[in-house]
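The values are calculated or read from the model by the stated rules, or taken from the named source; none is laboratory data. In this text the structure is predicted, and so the values were computed from the model without any measurement. In this analysis, Cβ positions are derived from the backbone assuming ideal geometry, glycine residues included, and neighbour counts consider all displayed protein chains. The accessibility values were calculated without ligands, DNA or RNA, using every heavy atom of the protein model including side chains. Shrake-Rupley method; radii C 1.70, N 1.55, O 1.52, S 1.80 Å.
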Amino acid sequence: METRYDYLVNVLLNNWIIAIIVIVAIVLMAIPQVRDGIKVLTSFINRKKEFVSEYADEKITFDVKLRSQDFDVVKIHATTHTLGVHAEKEWLNKFYPGYENNMQLLDQITTGDGKILTFDILPIYKDDKKKDIYFDITDFYSGAQVELTGNTHDYAKQKIRDIYNK
């Protein structure tokens with residue numbers, strides 16, 4: 001007694017044109033899933049690559065806390081103010097090549113547990129879009145004879161508090 005599966009296989013073997021059409025249809029249906037799988041794998045591989053700045057025999061690392069359309073929050077792990085400022089420029093050149101910047105702000109944000117974070121805020125322009133980059137310079141800020149501006153946007157200030165209170 002012949003099952004439906006046997007019948008289907010016999011039909012496809014006897015009609016090779018139908019079999020080719022079925023195989024092509026299956027391949028075409030699988031292409032988006034294969035493409036999405038390749039994207040996931042490449043993003044996973046690229047995520048492992050960490051951007052490190054090397055300057056004056058020191059490795060400076062970055063911890064990207066938030067990337068959004070309006071602003072980014074980046075913690076810089078450096079030991080001196082000079083190295084930290086150099087690292088800011090390198091990070092901007094890496095992630096926003098060709099950016100324009102003509103001002104710099106300095107502000108402090110107090111987290112929920114009372115910790116004071118110092119931020120170097122750089123409004124940048126790229127392709128007619130404005131974006132603020134909040135560099136957390138708490139680790140290496142030593143006063144640097146720059147007064148605090150107090151110009152942090154309230155929304156960004158709250159997001160930074162949320163990030164650091166986790």
With the checklist (1) within 27 Å of Lys159 (Cα to Cα); (2) at pLDDT below 85; (3) not β-branched (Val, Ile, Thr) in hand, flag the one item Pro32 doesn't pass. (1)
Of the numbered conditions (1) closer than 27 Å to Lys159 by Cβ; (2) under 15 Å from the mean Cα position of the chain (by Cα); (3) open to solvent by 70 Å² or more (accessible area, probe 1.4 Å), Ile45 satisfies every one except a single condition; which is it? (1)
Report the residue count in the range 127-148 for those that are among the polar types (S, T, N, Q) and either at pLDDT 75 or above or under 26 Å from Lys94 (Cβ atoms) (or both). 2
Please work out which one of (1) touching a residue at least 12 places away in the same chain (Cβ under 8 Å); (2) touching a strand residue (DSSP E or B) at 6+ places or on another chain (Cβ under 9 Å); (3) under 20 Å from Tyr134 (Cβ atoms) is the condition Thr79 fails and give its number. (3)
Taking the residues in the range 98-110 that are part of a loop (DSSP other than H, G, I, E, B) and touching a residue at least 24 places away in the same chain (Cβ under 8 Å) as candidates, determine which candidate is farthest from Asp154 (Cα to Cα). Gly98
Give the residue that is most open to solvent (accessible area, probe 1.4 Å), with candidates limited to residues of the range 68-110 that are over 18 Å from the mean Cα position of the chain (by Cα) and among the charged types (D, E, K, R). Glu100
Pairs with Cβ under 9 Å, 6+ apart, first in the range 111-122 and closer than 14 Å to Ala156 by Cβ and open to solvent by 70 Å² or more (accessible area, probe 1.4 Å), second of a type outside the set (Ser, Thr, Tyr) and modelled with pLDDT of 90 or more: none
